[in-house]
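> I have a structure I would like to understand better, so I am pasting it below and will then ask my questions one at a time.
Just so you know, all these numbers are worked out from the coordinates, no wet-lab data involved. The structure presented is a predicted model; accordingly, all values stated were derived computationally and were not measured. Glycine also receives a Cβ, built like all others from the backbone with ideal geometry; neighbour counts cover every protein chain displayed.
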Amino acid sequence: MFVVDLDVHVNEAPADLAPYCELPWRKSLEALQGVPHRYLDIPGFAPNFNPWAVFPTLERRTTVTHPAQLREDLDLLGVDVAVLFPDSMLLHPLIKPPDYAVALARAYNAWLVDVWLGKDDGFRGALLAPHQSPTVAAEEIRRYAGHPQVSCVFLPSCCVDPLYGHRSYDAMYDAAQECGLPVVLHAVTAINPVFPFNLQGFETPFMAHAASHTFASIVNAMSMLETGVPVRFPGLRIAFTEGGIGWVPWLGMKLDKEYGERRRDVPLLTERPSHYLQRMFFATQPIEEPEHLQDMATLLGLFDGENNVVFASDWPHHDFDHPDKVLQIPISDEARRKIMGGNAARLLGLEVPVR
C-alpha cells in the first residue's frame, strides 16, 4: 500500500534558522541560542502560554532533528512520503513585530529546502506562509513553487487574526492557485485573546487540546466559506490537518441549515456549504476513537470521507497516530488505499507508484 503522511514534524531551533535569517533579526535568533530548549515554548520564537500543571506522559523523544533519523522513523511506520511541518513555527501567528515574523518565515523556508529537501528521501515540504504579510507569502510561494519537493503551503491556523477567509489573503491564494500548490491549515494548542474560544477557562490541557485544534479548523473553514474562497479560487486545493475529522459532517449539516434560511448573507455560494467542504481534504490525526469502530466507517460516509480524507500521523509528537489505527476502521480495501495514500496523491500532485 502506498502511504502518504500529511503531517510529520521536523524540529527547528533558533540556532538552525539564524544563518538563514536577515539582519537585524538574525541577532535575535543568536541571542536565543543560549535559552534552554523547551518544547513549543521559546520566548520570541515559540511564544506559548501554558498555565497548566505538567505531568510526564511518555519516555520517548518527541522531536526529529536529522533527515536520516526521520527516514528511519518513517520506514518503521511504513510511510513512503511525508509532508514536513515545523515544531516551533506552529505558533508563528503569535510572533511580533510583523517584520520579525516575516523574516522568520523566510528563514524557515530557506532552511527547510536546504536541509530537509536536498535529496528525495520521500520528504515533501510545506512552505510557511506568513499571514502577517500576504504579499510576502505570495512571493515565497512563487520563489519555491518550482522545487520538485515543495508540495504545499502551510497556513498556521491557531490564533491567526484575521481568519483565513479575509480578503487580505487573496494575493496569497492567487499565488498558490497559479503555482498549483494546495494550502494546508495546521492547528496547535495555544491561548490568545483572538483565538475563537476562551481556552484559559479550562483547568487541564486535556480539554484545551481537544477544543483548540478542532475549533481552529472549524472557524477558519467557516471564514473561507463565508467569503467564498473556494468559489473565487476554484483551482485552489484546501486541506486541514491536526483537527481530526469528526467536526466535518457536523459543520456541513449546520451550515446547510443556515444556508436554507440566510443564503443572502453568502451570495457567492451557489451550492450548499457541505458541497464545498466535500471538495476539501481532511487529515485523520488526531483520529477519533469511538467505542465501536464501525462508527468511524459511518462517520466517513457522512461527508464522502473515502474521497477526501488523508492519513496523517503527527510524528513524532506525543499524540501521534500509528497507521494501524486508521487501517483498523472497517472499510473496503479500495477506501483504505485512497485514505492512506491515493487522496493525498491527488491533493499534492504525486504519482502513485505501481506495485
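> Take the alpha carbon gyration tensor of the stretch 218-287, find the square roots of its eigenvalues, order them as a ≥ b ≥ c, and report rounded if a/c is under 1.5; if not, report prolate when a/b exceeds b/c, else oblate.
Details: a/c = 2.38, a/b = 1.43, b/c = 1.67.
Here the stretch 218-287 falls in the oblate category.
> Please report, in debye to the nearest 20, how large the charge dipole of the chain is about its Cα centre when each Lys and Arg carries +1 at its beta carbon and each Asp and Glu carries -1 there. Numbers along the way, then the final one.
Values: 28 positive and 44 negative charges, 163 e Å.
Value, rounded to 20: 780 debye.
> Additional query: With a ≥ b ≥ c taken as the square roots of the eigenvalues of the C-alpha gyration tensor of the stretch 118-194, please select rounded if a/c is under 1.5 and otherwise prolate if a/b is larger than b/c or oblate if it is not? Don't skip to the answer; put the middle values down first.
Values: a/c = 2.63, a/b = 1.43, b/c = 1.84.
Cα axes put the stretch 118-194 in the oblate bin.
> If one computes the Cα centroid of the stretch 201-236 and of the stretch 136-192, what distance in Å separates the two points?
Comparing the Cα centres of the stretch 201-236 and the stretch 136-192, I get a distance of 15 Å.
> So, one more: Describe numerically, in nm with one decimal, the distance between label points set 7 Å from Cα along Cα→Cβ at Thr204 and at Thr63.
2.8 nm
> Follow-up. Can you give me the relative contact order of the chain as a percent, contacts being Cα pairs under 8 Å and 6 or more apart?
Relative contact order of the chain: 19 percent.
> Which value, in debye to the nearest 20, gives the size of the charge dipole of the stretch 56-209 about its Cα centre, when Lys and Arg are +1 and Asp and Glu are -1 at the Cβ?
180 debye
> Treat each spin label as a single point 7 Å out from the Cα along the C-beta direction, and report the Arg279 to Trp250 distance in nm.
It works out to 2.6 nm between the two label points.
> For a quick check: with amide H placed at 1.01 Å from N, whose amide H comes under 5 Å from Glu242's, ignoring anything fewer than 5 positions away on the same chain?
Ala283, Gln285
> I would also like to ask the following. Quick check: net charge around Leu91, other residues with Cβ under 14 Å of its Cβ, Lys/Arg +1 and Asp/Glu -1?
Local charge sum for Leu91: -3.
> Given a Förster distance of 22 angstrom, what is the FRET efficiency for Val115 paired with Asp319, based on the Cβ-Cβ distance and rounded to 0.05?
Given R0 = 22 Å and the Cβ-Cβ separation, E is 0.30.
> Go through (i) 46, 25, 15; (ii) 38, 21, 19; (iii) 29, 24, 22 and flag the label whose value is the computed semi-axes √(5λ) of the Cα gyration tensor in Å for this structure.
Checked against the structure: label (iii).
> Rounded to two decimal places and with Rh computed the Kirkwood way over Cα pairs, what is Rg over Rh for the stretch 208-355?
Rg/Rh for the stretch 208-355 comes to 0.97.
> Sticking with the crude label model, points 7 Å out along Cα→Cβ, report the distance from Glu72 to Glu178 in nm, one decimal please.
Result for the modelled spin labels: 4.3 nm.
> Got the relative contact order for the stretch 206-283 handy, in percent, Cα pairs under 8 Å and 6 or more residues apart? Let's see the in-between values first.
Working: 60 pairs, mean separation 31.6, N = 78.
Relative contact order, the stretch 206-283: 41 percent.
> Tally the DSSP beta bridges in the chain and give the antiparallel ones as a percent, rounded to 5.
Counting only bridges with both partners in the chain, antiparallel ones make up about 5 percent.
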